[in-house]
Amino acid sequence: AQRVTQPEKLLSVFKGAPVELKCNYSYSGSPELFWYVQYSRQRLQLLLRHISRESIKGFTADLNKGETSFHLKKPFAQEEDSAMYYCALAGNTDKLIFGTGTRLQVFP
Amino acid sequence: EPEVTQTPSHQVTQMGQEVILRCVPISNHLYFYWYRQILGQKVEFLVSFYNNEISEKSEIFDDQFSVERPDGSNFTLKIRSTKLEDSAMYFCAGGVMRTEAFFGQGTRLTVV
């Protein structure tokens, strides 16, 4: 079965602290992994996808097939990073399987 | 920058009534999707639409649900006879490539 697990509902850090949002997945084939972000009262936005291997707004994520993880990291959190973050997986079809999301709070 | 647009932003309907949720994807999108999010739960896939037909649907997408893209621009989700458990945020998404999904701002459906 395809599944995405985000174990933390809430992650609170102070500005300037490192951030790691955890994501584990279950899929028997080669998945595509994504991170979406939803700022307050805004739409879901694609933050990054593993195949592009780029850094967006200072965030990076590496696909670890051995650990079936795709954790999102940022070395120095900013207040404007406060948002809901969703990890998502696409298998051999078009649909995205989402995790339950992690709310990141960055305090000044 | 063009965006996927959904209307209405909030719809309140009585149980048993039909509702139509509307979406205007970006003009070059080829893949279209509906997702929903019940309050406090995860975003769930409902249906994908490509080449003017449904390409995949979830177990949630039963006979009460249907999608249409009648005029090549609007993409609609119809719920024939709403139930209380259909109350959720409904998101439309579109993309140029498979698995690419640009989301609309959502329609909050409240069934009373």
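The values are calculated or read from the model by the stated rules, or taken from the named source; none is laboratory data. From a predicted model like this one, the values you see are computed outputs, not experimental measurements. Every residue, glycine as well, gets a Cβ built from its backbone with ideal geometry; the counts of neighbours run over all protein chains shown. The area values use the complete protein model at the heavy-atom level, side chains included, leaving out ligands, DNA and RNA. Shrake-Rupley method; radii C 1.70, N 1.55, O 1.52, S 1.80 Å.
Taking chain A as a Gaussian network, where each spring joins two C-alpha atoms under 10 Å apart, which residue of A:Leu72, A:Leu89, A:Leu44 fluctuates the most? Maximum fluctuation in the GNM of chain A, among the listed residues, is at A:Leu44. The residues of chain A expose, per residue, 51 Å² of accessible area to a 1.4 Å probe.
Loop-located GluC sites (Glu not before Pro) in the range B:52-93 (DSSP state not H, G, I, E or B) with no more than 10 neighbouring Cβ atoms inside 10 Å: B:Glu59. Largest accessible area first, the residues A:Val19, B:Val24 order themselves as B:Val24, A:Val19 under a 1.4 Å probe with ligands, DNA and RNA left out.
Rolling a 1.4 Å probe across all protein chains gives B:Phe32 an accessible area of roughly 10 Å².
Ranking A:Lys73, A:Lys9 from most to least accessible surface, computed with a 1.4 Å probe over the protein chains only, gives A:Lys9, A:Lys73. For A:Lys74, what accessible area in Å² do you get when you roll a 1.4 Å probe over the heavy atoms of the protein chains, rounding to the nearest 10? Approximately 20 Å² for this residue. About its Cα centre, the dipole of the range A:3-107 is roughly 160 debye, where the only charges are +1 on Lys and Arg Cβ and -1 on Asp and Glu Cβ. Of all lysines in the structure, those lying under 18 Å Cα to Cα from B:Lys57, and not within fewer than 8 positions of it along the same chain, are A:Lys95, B:Lys42, B:Lys78.
Sites counted here are chymotrypsin sites (Phe, Trp or Tyr not before Pro) in a DSSP loop (not H, G, I, E or B) having no more than 14 other Cβ atoms within 10 Å; the longest part of chain A that contains none of them is A:1-38.
Largest mean-square fluctuation among A:Leu63, A:Leu11, A:Leu47, in a Gaussian network model of chain A whose springs join Cα atoms under 10 Å apart, belongs to A:Leu11. Between B:Tyr50, B:Tyr33, B:Tyr90, the residue with the greatest mean-square fluctuation in the GNM of chain B (Cα pairs under 10 Å linked by springs) is B:Tyr50.
Buried surface for the B/A pair, taken as the accessible area of each chain alone minus that of the pair with a 1.4 Å probe, is close to 1800 Å² in total. Quotient of the Cα radius of gyration of chain B and 2.2 N^0.38 Å, N being its number of residues: 0.98.
Going from the chain on its own to the full set of protein chains, the range A:76-102 has these residues losing 20 Å² or more of accessible surface (heavy atoms, 1.4 Å probe, no ligands, DNA or RNA): A:Tyr86, A:Thr93, A:Asp94, A:Lys95, A:Leu96, A:Phe98, A:Thr100. Here the gap between B:Glu68 and B:His10, fully extended at 0.36 nm per residue and compared with their Cα-Cα distance, gives a gain of 18.9 nm. Computed over protein heavy atoms with a 1.4 Å probe, the carbon and sulfur contribution to the accessible area of the protein assembly as shown reaches 48%.
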